[in-house]
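Scroll down for the structure; my scribbles are underneath it.
Just so it is clear, none of the values below were taken in a lab; they were calculated from the coordinates. Predicted, not measured: the structure shown is a model, and the values here were computed from it. Cβ: placed from backbone, ideal geometry, glycine included. Neighbour counts: every protein chain shown.
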Amino acid sequence: MSGDPAVDDLVAALGEALAPDRVRHDGAERALLSRDASVFEGGVAGPVCFPVSTSEVQAIMRIAAAGGHNVVPRGAGTGLAGGAIPLGAPIVVSTTRMNRILDVDVDDRIAWVEPGVVNLDLSRHLGPLGFHFAPDPSSQQVCTIGGNVANNSGGPHCLAEGVTNAHVRAIEVVLPDGEVAMLGGLDAEPLGYDLRGVFVGGEGTLGIATRIAVTITPNPPAVRTLLLSFAEVVDAANTVSAVIAAGCVPAAMEVMDQRITVAVERYVGAGYPTDAAAVLLAEVDGLAHGVDHDAETIATIGRANGATDVRLAANDDERALLWKGRKTAFGAIAQIAPDYYLHDTVVPRSKLADVLEQVYAIADRHELLVMNVFHAGDGNLHPLLIFDAREPGVLERVHLAGAEIITASLDAGGVLSGEHGIGVEKQQYMDRLFTDDDLDHQDRLRRAFDPTCRANPGKVLPVGHSCADIQSLRAVPTGVWG
Amino acid sequence: MDLGLASDDLDKCVQCGLCLSSCPTYRVTGDETMSPRGRIALMRHVQHRGAPLTAEVVDAFETCIQCRGCEPACPSSVPYGHLIEQTRSVLVASGASTPWWQRLAFRQLARPRLLRAGTTVLALAQRAHLVPQRLGLPARLPLRRDPHVVSGRDVYLFTGCVMDAWQRDVHHAAARVLEAAGCGVTPTGDAAPCCGALQAHAGLLDETRRLARRMIEQLEPDVPIVVDSAGCGAAMKDYGRLLDTDEGRAFAERVVDVHEFLAPILDRLPTVDPLDLRVAVQDPCHLRHVQRVHGATRTVLAPFVRELVELDDDGLCCGAGGAYSVLHPALAGTVRSRKLAAITRASADVVASANPGCTMHLAAGGCATLHPIELIDRALSEERAPGRPPRRSRRRSSRG
């Protein structure tokens, strides 16, 4: 009982539509679901629902529409841009119980999954069949396919394979009015406008995906993983640019600077060189002869650009350990300081070295520690500002430095986000990348799906171009845990 | 409310969420309050922000199985096990958790004669069909137990509480295997009746400390203490931290899991024909996530069976959790269903698991489970006297 009869009625109605034990409105649940993996606070969750079917999601949407309530979908809550943070006490729809792999068709290379399926679980399931799901975000062991679709997530191996958008064929969506629509189709070239493409990366502002048809990718016959060490970060960045310029597109190319390498090595003990200023983790896959050739090309280009050491992973175990290090890099920094702010911008590959130098200079100017770990092949930077939030004034410096990093990336011809999304993090920077006209048209597109602006309101589009009154969403009601 | 948690430990969690999939209760509920990240956030809310200790908060803490599968998954090395143990102990002290009847029950674990008498009563009741199956007891508790035998003083074999009353055959098997490797074995018997692991999980840390001190006093120094129960071994290896004394640390150094002990001296065991079995290894959490010596189980078992097969669930907990399966039967059952599905996928003849709680919990779910040491013992026995268990020379009987 919340003390507010309207809220109690809402909770009761949701409980009746689902099951009373799959709708929660207690302080503990609401406090936890007010956050995701980002640094953003100020979220307030309303009733939290755990639907198990499309019809239950429909029921939630209809109840919300009838009462004029907002709805925010949530997967594993590993987002870093605050996309799943509930603003203004909306109904939170957790997709974690919709976690069945419905069908796998290896002939047509399609898998139908529910949105709560964990990314790595899908690849594990496909493994014995000789397939995997190509997008592999660093959080793949926990993040959900639904979340990947919402954020159009990338990952180290998206360099050659493309990000989530390239691997989604069709999406069953519950629209904000409760209607179900099928976007896209299993044909290679479905007729009509590509509404599937609009939905991917929609960050929950267009509706909730309830079934997703993804393309499954055959496992490569051979893989080679190289670890190159450099005395300068810039040399690593230049190597990446030169490899692609030479016509070789590896499966993945990832750079980590020395600070992050030291933290990671302490956790995984993968044999990362802790004395190198930067390491480049490169992977090539394909036919055996081809991968040997590509590996040699990368090694040669690396040496020409100043690589001090080139190591080839001897076996699958060594390879797995190197990747474990790369993929847990963000979590490992707590060994250095308790808080981090992970940025996500993309710059042209040729500008990587230049922007990196600016990032280090910006952090120095604000007396902040910065670490760099990034999807170098895509020009996707992930500067990691590290701090202790208990230190007075530090959060302001972090935000200032973040703004300057974004400006530097945009000035270099880059974009706001590579894969984390806009969420609440980059909203206020949207007008630096888009004109007022652009943003108004984006708002119109959004309203075509959600005319009353109740699906994840207050995200993506900035104040003035969003149908939601963002300020009122940020007001914190009483009776909510601090 | 002060939960007595070190801020440094709490602050290590950067809420990245990489732990979520390795948490059995999150896996089956998809609910953040049932996850390590969520539980740590609740500890912060209670300790730092004065959030009330509501029924839901207590439930979030109590439903943790304490498998500690989240620890190896955590890149920031948050000492989750210690955080939840300390939280539970404050809940107990404040009366919010573990009611008096549970505390009374936990206290009986250190009373071996009572435990054995109770077991005999239960075993008789079972045979009269008076014990409902849903209690999850082993299908047939033993009516009587062969006495422990001292064969030398090279190693202690820790025999413990419930395991000694219910699964003494496993200890006998362990003793035979150790002797086959040339070690004289002294079973600890009633001299060290209980390690205190279950009490620690329930937040009764003072009781665990009392039992730890008693064990350290009772056992002679310098003799390695071999343990064939993963949960007990993990608890005893933690005595140094628990007691924070030199004696505690020295004792903990001597504690060794039976597989960990045998792995480097495997060549001392006779070469025998392997059992014609495909064996799935189900790692007890406290062997894999806490002691982290589960590799030794494979090393030791491999030569004695036709084939070892891994489960494909990354060492997710089976839901046993010491007394957890009794206190939270519904959730423990759901977690077990997930494990049983993984076991089915492995299509093995038999499952090997080195912890009494896990073997009982899985057996109650209809899955035949043996201790790895029983399989090794069987392979060695068949070689020595086909169809008959081997005889051992008896020097003198120990108590118990």
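Near A:Arg62, once Lys and Arg are set to +1 and Asp and Glu to -1 for all other residues with Cβ below 13 Å from its Cβ, the sum equals -3. Taking the helices alone, chain A has a mean residue ellipticity at 222 nm of -10500 deg cm²/dmol, built from -39,500 (n - 2.57) per DSSP H run of at least 4 residues and averaged over all its residues.
Relative contact order of chain A: 15 percent, from C-alpha pairs under 8 Å at least 6 residues apart in sequence. Each label was represented as a point 7 Å from its Cα along the Cα-to-Cβ direction; for A:Glu41 and A:Leu321 these points are 4.0 nm apart.
Dipole check for region A:101-218: with +1 at the C-beta of Lys and Arg, -1 at the C-beta of Asp and Glu, and the Cα centre as origin, the magnitude is about 280 Debye.
The simple Förster model, with R0 at 22 Å and r as the Cβ-Cβ distance, assigns A:Ser350 and A:Ala231 a FRET efficiency of 0.55. Find the all-direction average of the projected area of the Cα convex hull for the protein assembly as shown, expressing the result in square nanometres with one decimal place. The orientation-averaged projected area of the Cα hull of the protein assembly as shown comes to 37.8 nm².
Paramagnetic label reach from A:Asp21 (point 7 Å along Cα→Cβ; backbone nitrogen cut-off under 19 Å): within region B:13-57, residues B:24-35, B:55-57. When chain B is treated as a Gaussian network with alpha carbon springs shorter than 10 Å, the biggest mean-square fluctuation among B:His361, B:His129, B:His371 belongs to B:His129. With equal scatterers on the alpha carbons only and no solvent term, can you work out the Debye log10 of I(q)/I(0) for region A:292-333 at 0.17, 0.22, 0.35 1/Å? The Cα Debye sum returns log10 ratios of -0.63, -0.85, -1.02. Normalising the average separation of contacting C-alpha pairs (under 8 angstrom, six or more residues apart) by the number of residues puts the relative contact order of region B:110-209 at 29 percent.
Under the √(5λ) rule applied to the eigenvalues of the Cα gyration tensor, what semi-axes describe the equivalent ellipsoid of chain B? Give them in Å, descending. Kindly include the intermediate steps, with their values, before the conclusion.
On the way: eigenvalues 229, 110, 90 Å².
Over the Cα atoms of chain B, the semi-axes work out to 34, 23, 21 Å.
Gain on full extension, evaluated as 0.36 nm per residue between B:Arg49 and B:Leu266 minus their Cα-Cα distance, stands at 72.7 nm. Taking 0.36 nm per residue of separation and subtracting the Cα-Cα distance, full extension of the segment from A:Asp309 to A:Arg266 would add 13.4 nm. Percent of C-alpha pairs per 5 Å bin in region A:337-411, short distances first: 3, 17, 32, 24, 13, 7, 3, 1. Per-residue ellipticity at 222 nm from helix content only, as computed over chain B with -39500 (n - 2.57) for each DSSP H run of at least four residues, stands at -13500 deg cm²/dmol. Of the beta bridges in chain B, as assigned by DSSP with both residues counted there, near 10 percent are antiparallel.
When +1 charges are put on Lys and Arg Cβ atoms and -1 charges on Asp and Glu Cβ atoms, the dipole computed for region A:388-430 relative to its Cα centre reaches about 60 debye.
Ordering B:Ile373, A:Ala313, B:Ser151 by Cα displacement along the dipole of the protein assembly as shown toward the positive end leaves B:Ser151 in first place; charges were set at the Cβ atoms of Lys, Arg (+1) and Asp, Glu (-1). Each of B:His172, A:His289, B:His45 has some number of other Cβ atoms within 10 Å of its Cβ, and from fewest to most they run A:His289, B:His45, B:His172.
Taking N as the number of residues in region B:7-97, what is its Cα Rg relative to 2.2 N^0.38 Å? Please report the intermediate quantities before stating the final value.
Details: Rg = 12.1 Å, N = 91, 2.2 N^0.38 = 12.2 Å.
My calculation over the Cα atoms of region B:7-97 gives 0.99.
Ranked by how many other Cβ atoms sit within 10 Å of their own Cβ, fewest first, the residues A:Thr205, A:Thr239, A:Thr308 fall in the order A:Thr308, A:Thr239, A:Thr205.
Return the loop-located trypsin sites (Lys or Arg not before Pro) in region B:77-163 (DSSP other than H, G, I, E, B) with at most 13 other Cβ atoms within 10 Å of their own Cβ; answer none if there are none. Mind showing how you got there, number by number?
Details: sites: B:Arg88, B:Arg103, B:Arg107, B:Arg113, B:Arg116, B:Arg127, B:Arg134, B:Arg140, B:Arg144, B:Arg145, B:Arg153; in loops: B:Arg140, B:Arg144, B:Arg145, B:Arg153.
For trypsin sites (Lys or Arg not before Pro) across region B:77-163 that sit outside H, G, I, E and B with at most 13 neighbouring Cβ atoms in 10 Å, the list reads B:Arg140, B:Arg144, B:Arg153.
Gyration tensor over the Cα atoms of region A:394-436: the corresponding equivalent ellipsoid has semi-axes (square roots of 5 times the eigenvalues, largest first) of 17, 13, 10 Å. Think of chain B as having a plus end and a minus end, set by charges on the Cβ of Lys, Arg, Asp and Glu; of B:Pro52, B:Val170, B:Pro221, B:Val170 sits farthest toward the positive end of this dipole. Annotation: amide H-H contacts under 5 Å for A:Gly286 (H modelled 1.01 Å from N, sequence separation of 5 or more, or interchain): A:Ala222.
Around the amide H of A:Leu186, modelled in the peptide plane, lies no amide H under 5 Å away from a residue 5 or more places distant or on another chain. Across region B:303-318, rounded Karplus estimates of 3J(HN,Hα) from the backbone phi angles (6.51 cos²θ - 1.76 cosθ + 1.60, θ = phi - 60°) give x, 9, 10, 5, 8, 9, 10, 8, 7, 9, 10, 6, x, 5, 4, 8 Hz, Gly and Pro being marked x. If you run the Gaussian network model on chain B, springs between alpha carbon atoms under 10 Å, then out of B:Asp11, B:Asp377, B:Asp228 the most flexible one is B:Asp11. Cβ-to-Cβ counts within 10 Å put B:Ile265, A:Ile212, B:Ile216 in ascending order as B:Ile265, B:Ile216, A:Ile212, the fewest first.
Rounded to two decimals, what is Rg over Rh for chain A when you use alpha-carbon atoms and the Kirkwood radius?
0.97
A simple spin-label model places pseudo-atoms 7 Å from Cα toward Cβ; at A:Asp107 and A:Ala166 they are separated by 2.7 nm. Amide hydrogen proximity for B:Leu308: with H placed 1.01 Å from N in the peptide plane, the residues at 5 or more positions away or on another chain lying under 5 Å are B:Val279.
Evaluate the charge dipole of region A:5-94 about its Cα centre and quote only its size in Debye, nearest 20, assuming +1 on the Cβ of each Lys and Arg and -1 on the Cβ of each Asp and Glu.
Numbers: 6 positive and 9 negative charges, 43 e Å.
Roughly 200 debye, rounded to the nearest 20.
Gyration tensor over the Cα atoms of region A:222-330: the corresponding equivalent ellipsoid has semi-axes (square roots of 5 times the eigenvalues, largest first) of 21, 17, 10 Å.
How large, in Å, is region B:106-192 by the Kirkwood hydrodynamic radius built from its alpha-carbon pairs?
Working: mean 1/r = 0.0716 Å⁻¹.
In region B:106-192 this quantity evaluates to 14.0 Å.
Here's the picture: charge each Lys and Arg Cβ at +1 and each Asp and Glu Cβ at -1 in region B:270-384, and of B:Ala363, B:Tyr324, B:Ile343 the one pushed furthest to the positive end of that dipole is B:Tyr324.
Extent along the principal axes, Cα only, for region A:313-470: 54, 42, 31 Å, with the longest axis given first. Approximating the spin labels as points 7 Å out from Cα along Cα→Cβ, the B:Thr334-to-B:Glu382 distance works out to 4.1 nm.
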